[in-house]
Amino acid sequence: MVIHICLEWRKIAFCQCLNILDILFSVPKKFCTQTPRQSSDAWSLQTMKASREEKIYLRQKHRRTDVGTHNLHLLKKMEISVAEAEKRTGKNAVNMQETYTVYLIEMRPVDAASEGTNPVPDSLWRRYSEFELLRNYLLVTYPFLVVPPLPEKRAEFVWHKLSADNMDPDFVERRRVGLENFLLRVASHPDLSTDKIFYSFLTEENGWKETVFETGFQAKADSRLKALNATFRVKNPDKRFAEMKHYGDELQSVISQLLRVRARAADRLYGVYKVHGNYGRVFSEWSAIEKEMGDGLQSAGHHMDAYAASVDDILEEEEHYADQMKEYLFYADALRAVCRKHELTQYELEMAAQDLTSKKQQREELATGTIRTFSLKGVTSKLFGQETPEQREAKLKMLETQIEEGEELVKERNAECEEFVKSAWVDIERFKEQKDHDLREALISYAIMQISMCKKGIQVWNNAKECFSKM
Amino acid sequence: MSAGTPRSLASSGQKSIQDICHPLSAEESALSRIPDVLNPGSDLILPNGTPVDTSSPASSSSLLNRLQLDDDLDGETRDEQKYNITTEFDLPEYSVRRRYQDFDWLRNKLEESQPTHLIPPLPEKFVMKGVVDRFSEEFVETRRKALDKFLKRVADHPVLSFNEHFNAFLSAKDLNKRQGLALLTKMGESVKYVTGGYKVRARPVEFAAMGDYLDLFTQKLGTIDRIAQRIIKEQSEFLMELREYGPVYSSWSSFEEDLHDPLEGVSGCVSNCSSALEELTEDMSEDFLPVLREYVLYIESMKNVLKKRDQVQAEYETKLEAVVFREDKKTPVPSDVEKCQDRVECFNADLKADWDRWENNKRQDFRQLLTGMSNKNILYYEKCLAAWESLIPLLQDKQEAKGETN
């Protein structure tokens, strides 16, 4: 199933004057936020009926997000979107036939839209695995940044009616939206947006993979074991990072729980609404054997049917809320990755410093001839006799060199560490603000959704009540 | 609401319906009071001419009881649930205590003595031990409401309200149930001796239609009962999830700063919705389902009356046939055949009138029941709506404050 979402660029062009970050933070989500001035009722009805492009337009009209002054090189010039999804079949690495989905990435110059011309956008097709490759590259290359997450690889936290199948059209659509969100987040990040590989991801369809591998980023990746080791052994990590890591753990845990329970609740809610549909049928049958009561019953039955049917839309809206939460579930992981990297850098500094200290100690021992610590050298020298002065001299010289190198290393690592802490903390602060803003928006939208659901419920039951009163 | 055709029924004694002031049906209030002509304590005459030695207000012409049926949860008599019945009248007021089995006795007596009439049903007699707590407040209250309805319907009825068993029930200090009251009506006595086994041949269309309707109606009620139960079950399970869902937001708020208040707010909202849902399911269990079930019982008893009518007609048909068969023999027109015919006609008349009354009642009852169900649901959604609407300003509050400082 090919999903065609045509963006009307003209409408977006109207919003040129508005902060492009609007698109960034709200495009993928299907429901909109509300300004204090508008009534929730008209607003939510409006947004629910709006098509995707209208929704983008409306959102931009109403929400301004100020996340500081950022270098918006890329987004100042270009508008990015993941417009379509398509199924392809081909041979994979092991020469087997496989079916996969590709997504169309479109880039259109901002200026062109405002000039009224409608040039064909630059576009190329990418698979999910290529997005993954891009992200892995970014993770390795910018370990001090909280790298935006991708939408989930496999459908999780599903309630029964929702398919867990990756080929399911609804899943593909939600993934398309998630991928677009990812690109926009990267494109609006002050540091990530300037990355060349990212730019070529958006512009060079062929040969991009090779380009990425040529950077040799994979070699720079820290092994899991190394990272784990550092976590256990680091002695003085920056307290703030330790707290952040803990926060990341808690956030991940609580959002997982939230998504799990929400999925179960959605299941139950579906049941409640659908069973009411049975009323529709039985009222209809009953009305057939009644004289005066018949009409009222029949009409009431129709309202019960409408009530039962309304749950599908309700749960679809809720799914988008779940997607917003999932993004931050994955963001928590990215946050923890930064903290882990800090632990690693700190650990390596500590190791270098420790190494330096022990070498200095060795030098001292050698110079003064005293053996302060128990060492094999000490024992063997006792057993086999001391070394010759020439041997000692040679050793001392070697140690001096090593100490010099060691001091250089410590300086280097110290600088690295400080640099890391500085940059990472800036990005963490930026992330915190973004998170607070986004999640608050998500909660507001959730509340609006609930309000709309309640209002619909009241309406249906009032209609039914009217029918009953005419019985 | 009064009976469909206010003509005098053969079996209702000397008074015609027009002379009797009906208290209006299910509503307790809006009863018009008519002065009591008879003094309490004066001799009253029963329809069949026998004097009664108790002053029973129920059989006077101004029949307006304000029947009050209260619980009497007496700790000492735990094993006997008693109900207080207060019959308010101009004077005097009667207040008696009755147990469920007394109601049962009354109903049986009514059925015996007024077999041609539709006797309102009682709530279910047998409750499975262990499934329902027979002494829980909810159960007693549900039962009380059903018993109250029963009494009111009997008091409503132009014939049943005059029944002496009913009088005794309302006023006598002690119900002597074994007392063989030799005060059966003509009809009661005769119908009592109709034995089963006769097959009716020419059932009038209208009664056949009644029977068919009742069968179908019972089916539909059964379906509605099942649906309602299923909904309650699903709602309860949804409620269970909600009770876990709300606290998640609370625990999240505990390690957030800026988001602390919004998250707590959401948690509170979910909790409010949970309570509202709980009330909805309880209401439906207590008010909706019992009434449905009552109706099913009501219909059962009505079908029995229809069957009896068939029996009476069948007996007549058989006897008539026998007479026709014997026509050559010169016998006087058998009076018992005439009596049978009489019975059939009276039964039919009573039943038709009662049917109309029943149809009306049914319409009102179900209108009330289903409107009530709608109201309960509307109330639930209104509560939830209020909760979420009050949350919005809280959620947006900080943002505006923040926006200003930016």
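Laboratory data are not the source of any read-out in this text; all were calculated from the coordinates shown. Bear in mind the structure is a predicted one, so any value in this text is a computation, not a measurement. Note that each Cβ is placed from the backbone with ideal geometry, even for glycine, and that neighbours are counted across all protein chains shown.
Between residue B:379 and residue A:232, take the C-beta separation as r, use R0 = 60 Å, and let me know the FRET efficiency to the nearest 0.05. Please list the in-between numbers first.
Values: r = 57 Å, r/R0 = 0.96.
Between residue B:379 and residue A:232 the formula returns 0.55.
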- Task: Give me a single rounded figure for A:448-454: the average over its residues of other chain Cβ atoms within 10 Å of their Cβ.
- Result: 6
- Which far-off residues, 5 or more places away or on another chain, put their amide H under 5 Å from the one on residue B:95, with H placed in the peptide plane? B:87
- Query: Across peptide B:236-243, what mean number of C-beta atoms from other chains lies inside 10 Å of a residue's C-beta?
  - Reply: 5
- Note on the structure: Beyond 24 Å (Cα-Cα) in this structure, taken from B:199/B:319; A:235/A:397; B:352/B:376, we find A:235/A:397; B:352/B:376
- R0 of 22 Å, Cβ-Cβ distance residue A:393-residue A:351: FRET efficiency to nearest 0.05: 0.15
- Expected sort for A:431-443, A:249-261 on mean C-beta neighbours within 10 Å, highest first, is A:431-443, A:249-261
- Within 10 Å of each Cβ of B:257-266, how many other protein chain Cβ atoms are there on average? 3
- Query: For labels at residue B:108 and residue A:360 in the simple 7 Å Cα→Cβ model, what's the distance in nm?
  - Reply: 10.6 nm
- Query: For the cross-link pairs A:360/A:422; A:359/A:395; A:87/A:153, which exceed 21 Å when the distance is taken from alpha carbon to alpha carbon?
  - Reply: A:360/A:422
- Query: Mean projection of the alpha-carbon convex hull of region B:202-394 over all orientations, in nm²?
  - Reply: 13.6 nm²
- Rounded to the nearest 0.05, what FRET efficiency is calculated for residue B:136 and residue A:165 with R0 set to 45 Å and r the Cβ-Cβ distance? 0.40
- With θ set to phi - 60° and the Karplus curve 6.51 cos²θ - 1.76 cosθ + 1.60, what are the ³J(HN,Hα) couplings of region A:290-297 in order, to the nearest whole Hz, using x for Gly and Pro? 10, 9, 6, 6, x, 4, x, 4
